[in-house]
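Notes to accompany the following structure.
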Protein chains: 2
Amino acid sequence: MDLANLNWLSATDATRLIRDGVISSQQLVEACLARVREVDADVQAWAFLDPDHALAQARAADEWRMSGQPTGPLHGVPVGVKDIIDTADMPTENGSVLHAGRTPSRDATVVSMLRAAGAVILGKTVTTELATRTPGKTRNPHNPAHTPGGSSSGSAAAVAAGMVPLALGSQTTGSTIRPASYCGVYGFKPTHGLIPRHGMLELSRTLDHVGLFARSLEDLALLMEELAGYDERDPDSRPRARVPYRDVLAEEPPLPPVFAFVKGRVWDRVEADAKAAFAELAGVLGDRVEEVELTPADEVLAWHDAISGAEIAVSLRREWETGRERLSEALRSRIERGRNVLACDYLAARARIRQLNESLIELFEQRYDAILTPAAFGTAPEGLDSTGDPAPCALWTFTGMPALSVPLMQGANGLPLGVQLVAPCHWDARLLRTARWLVARVAGG
Amino acid sequence: MDLANLNWLSATDATRLIRDGVISSQQLVEACLARVREVDADVQAWAFLDPDHALAQARAADEWRMSGQPTGPLHGVPVGVKDIIDTADMPTENGSVLHAGRTPSRDATVVSMLRAAGAVILGKTVTTELATRTPGKTRNPHNPAHTPGGSSSGSAAAVAAGMVPLALGSQTTGSTIRPASYCGVYGFKPTHGLIPRHGMLELSRTLDHVGLFARSLEDLALLMEELAGYDERDPDSRPRARVPYRDVLAEEPPLPPVFAFVKGRVWDRVEADAKAAFAELAGVLGDRVEEVELTPADEVLAWHDAISGAEIAVSLRREWETGRERLSEALRSRIERGRNVLACDYLAARARIRQLNESLIELFEQRYDAILTPAAFGTAPEGLDSTGDPAPCALWTFTGMPALSVPLMQGANGLPLGVQLVAPCHWDARLLRTARWLVARVAGG
């Protein structure tokens, strides 16, 4: 076992090796911390990282195992947590000077779930300002002159740079799928409400999702088994039967999947090299992909804006009232617009969510296993003043459908480019299985 | 058996007598129709009533029983249905000329549930204009110069006048509790979402409830067993364990109940004779009642108005766009106000619902079985231009808590006056049991 490269292990492999006594959690966490020292001066993925505290958690995990206690499914595995998700033992500053020094008294539900599974919370990853559009300090690990995307900038970059195998983020428009695409990792936004959001900064109850980052589909399935669950404190969480994500992922699809290639209204803005990459991918897929037009989605950006604007204005009311001069100009004007949204426009937009889901489900039930569509307009843009445009993600966040960015392609500049796969609500496990088929097809293709 | 007075039987007695072959459903329905002929020229409770169709349903129920088939819990019992609840075999005109001649293709969920239990749908009862404030033709059966209350005017009046033992209504502010109080019958608004609303005119998803009318608590419990249930087409319906309402009602409370007498901000406007009646009731209850002040509820009328206004504006958008000149002036101005509600005010009001429930539950868990509070400002006002003021009901509709009007008192004019009992969400069965204790206590003096 090459101890120097343990940081590149998948979580699935790492937890098995820890359980079997081949490596210790301390060795794994030391390798990750070494990688942080090596690359993070350039990448700057972490809002908070206390190496001693991380190692103390790792040693406790090792002692627990050595004492003969049963180990959890993520035993000893380090996880990065976006700094809008509360941790009782580390600050949670939400990417805003208004929350500097904020230390929550409790873990968010997902952090409790990670700890219950045996995970080590390595540190808190950089977010944009209050998980909106104004960038944090993180840079793209593939080229530090380029944005990593956002708002889950640090989580995507940390996983991509091999500083941690898993990280949690969030998505209200495109905050998981876009940075995953830009950084060349898997990013997964499961069905709305499936992973409880209690203890995470609330921007928009209707649109907020927990997002997951990993370097393999197996690791996403492993995380899903721990994090998909009921929490009565999240009003959109419901009790549901447990899904064996890893078993479903490992199955062969009963028939080879068929993909609906949806270009959508955003296609005109997709960059030429990305269009070429999609054409090449479509060539590999042959008769397993068909181009499909979705007309009802034309106004989705306006509907998304009405809902997110109004809900953000309410969620950030205290920040607005007590410190608006310390918000970015962009966020201030977004809140101002949100404060003027009419309730009837908000409610009309809300009503579209169900309607769109009902019309889209037909597409899948009739013929398709997944929609295949751009995760972003192209590779990570140069410059750090913007985290890029989330528009290609808006419809799938709006509908609450599971969306996955698969790091399958490259741009002309050599930077990574994700393929976004989307499925109906609660087809999460099947979507991961469909993605596995796609990855194997491309690799074999 | 005095066949002439069968119309005054409770549903509980009637369905037992039908099951045992002592009376037929046809005899029962004939007695109800005879009572309609006798009094409805004065009361005008019915928007639609076809005696032949009602009798055909009754004869079918009798034939079913005679063929040896098992009978349902409401077998052969006539029920009145508010004319905002869809029936596939009768018009449903929603109290608006804009919907004149409207004949739905399907039964509302509650109507399907009634038919599945063996009930006869006697006819459709008068509603105010689109279940809002502009009166229909119905008069108070105790004195036709007085309003029956609204918006479930016909349902309350029909049950009070002995034209039918049971009727369905609705409540978005005070549309069940107030007419029940004015007409001297039991009116019950169960917990929000407990009875599915699919197929009922939607005014306000957040505030709309199905309401029930009967002349006994046993009959309400019987109805609850049939109508409380899950329907995925109502977004606020949830799968829940079945509750044996009749068994719970029949139990003795483990301890004599304690009531919290809540006068609230509306007390100043309660009429003198109603205040005197409450004082007398409190005297009978002695140490089983304590006066409690609820301060957080002061702004509830404004919050209720923001939510109902905005949601009604969306729900009645088509009526507004295609026929606003045929809406009443009062409804037009309500919609206009609702169209101007800001989404952030709407959302702030929505957030109060959970907060109020959380603060109120403490009151009950610490000490009280039910809140005891006015159902209305007094007896039914004279005149037919208004259905009276729903303000005393607004808080309990806003919170979604179960509320019951118990016909226990009288005003100085001899007209009935209800006592409103309220309990936390999902204490519905216990609330009925508490009411039974109260009625027995008052009868025992």
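Values in this text are rule-based calculations from the coordinates and carry no lab data. Please read all numbers here as calculations on a predicted model, not as lab measurements. Reconstructed Cβ throughout: ideal geometry from the backbone, glycine too, with neighbour counts over all protein chains shown.
Entry note, chain A: the mean residue ellipticity at 222 nm calculated from DSSP H runs of n ≥ 4, each adding -39500 (n - 2.57), is -12500 deg cm²/dmol after division by the residues and rounding to the nearest 500. Remark: relative contact order (the stretch A:163-263) = 27 percent; criterion is Cα-Cα distance under 8 angstrom and separation of 6 or more residues.
Dipole size of the protein assembly as shown about its Cα centre, with +1 on Lys/Arg Cβ and -1 on Asp/Glu Cβ: approximately 140 debye, rounded to the nearest 20.
Loop-located GluC sites (Glu not before Pro) in the stretch B:347-431 (DSSP state other than H, G, I, E, B) with a sparse environment of at most 14 neighbouring Cβ atoms within 10 Å are absent.
Ranking A:ASN94, A:HIS146, A:VAL79 by how far each Cα lies toward the positive end of the dipole of the stretch A:59-169 (charges on Cβ) leaves A:HIS146 at the top. Cβ crowding within 10 Å, taken as a proxy for footprinting-reagent exposure, orders A:THR206, A:THR103, A:THR71 from fewest neighbours to most as A:THR103, A:THR71, A:THR206. Taking the label point 7 Å along Cα→Cβ, B:LEU3 and its counterparts in the other copies are spaced 10.0 nm apart, in ascending order.
When both the stretch A:268-313 and the stretch A:183-227 are represented by their alpha-carbon centers, they are found 21 Å apart.
For chain A, the relative contact order comes to 17 percent (Cα pairs under 8 Å, sequence separation of at least 6). Lysine pair count for the protein assembly as shown (Cα-Cα distance under 25 Å; residues 8 or more apart in sequence or on different chains): 18. Chain B has one residue whose beta-carbon comes closest to the axis relating it to chain A; that residue and its distance in whole Å are B:ALA343, 2. Need one word for the stretch A:3-248: rounded, prolate or oblate. Basis is the Cα gyration tensor (sqrt eigenvalues a ≥ b ≥ c); a/c below 1.5 gives rounded, then a/b vs b/c decides. Because its axes are fairly even, with a/c under 1.5, the stretch A:3-248 counts as rounded. Fewest-first ordering of B:TYR346, B:TYR245 by other beta carbons within 10 Å of each residue's beta carbon gives B:TYR245, B:TYR346. With q set to 0.05, 0.06, 0.07, 0.10 Å⁻¹, the log10 of I(q)/I(0) for the protein assembly as shown, from the Debye formula over equal scatterers at the Cα positions, is -0.35, -0.49, -0.65, -1.07.
Between copies, A:PRO144 shows label-point distances of 9.1 nm, shortest first, with the point placed 7 angstrom from Cα along Cα to C-beta. Separation of the stretch A:97-167 from the stretch A:329-396 is 22 Å, based on Cα centroids. Under the convention that each Lys and Arg Cβ holds +1 and each Asp and Glu Cβ holds -1, the size of the dipole of chain A around its Cα centre is about 480 debye.
Under 1.5 on a/c is rounded, so check that first for the stretch A:297-445, then, if it is not, pick prolate when a/b is larger than b/c and oblate when it is not; a ≥ b ≥ c are the square roots of the alpha carbon gyration tensor eigenvalues. It comes out oblate by the Cα gyration axes.
Within the listed set B:SER405, B:SER96, B:SER105, the residue fluctuating most in the Gaussian network model of chain B (springs between alpha-carbon atoms under 10 angstrom) is B:SER105. Residue order for A:LYS263, A:LYS189, B:LYS275, fewest other beta carbons within 10 angstrom first, comes to B:LYS275, A:LYS263, A:LYS189. With an a/c value of 1.5 or above and a/b not larger than b/c for the gyration tensor axes a ≥ b ≥ c computed over the alpha-carbon atoms, the stretch B:198-306 is described as oblate. Hey, if you put +1 on the Cβ of every Lys and Arg and -1 on every Asp and Glu Cβ in the stretch A:3-248, which of A:ALA161, A:SER237, A:CYS32 ends up farthest toward the positive end of that dipole? Of the candidates, A:SER237 comes out farthest on the positive side.
Label-point spacing at A:GLY323 relative to the other copies reads 5.4 nm, in ascending order, each point sitting 7 Å out from Cα along Cα→Cβ. Computed over chain B, the convex hull of the alpha-carbon atoms projects to a mean area of 20.1 nm².
Highest GNM mean-square fluctuation among B:PRO179, B:PRO374, B:PRO256, for chain B modelled with Cα contacts below 10 Å: B:PRO256.
Shielding of peptide B:312-320 by partners, expressed as the average count of other chain Cβ atoms within 10 Å per residue Cβ, is 2. Dipole size of the stretch B:146-266 about its Cα centre, with +1 on Lys/Arg Cβ and -1 on Asp/Glu Cβ: approximately 480 debye, rounded to the nearest 20.
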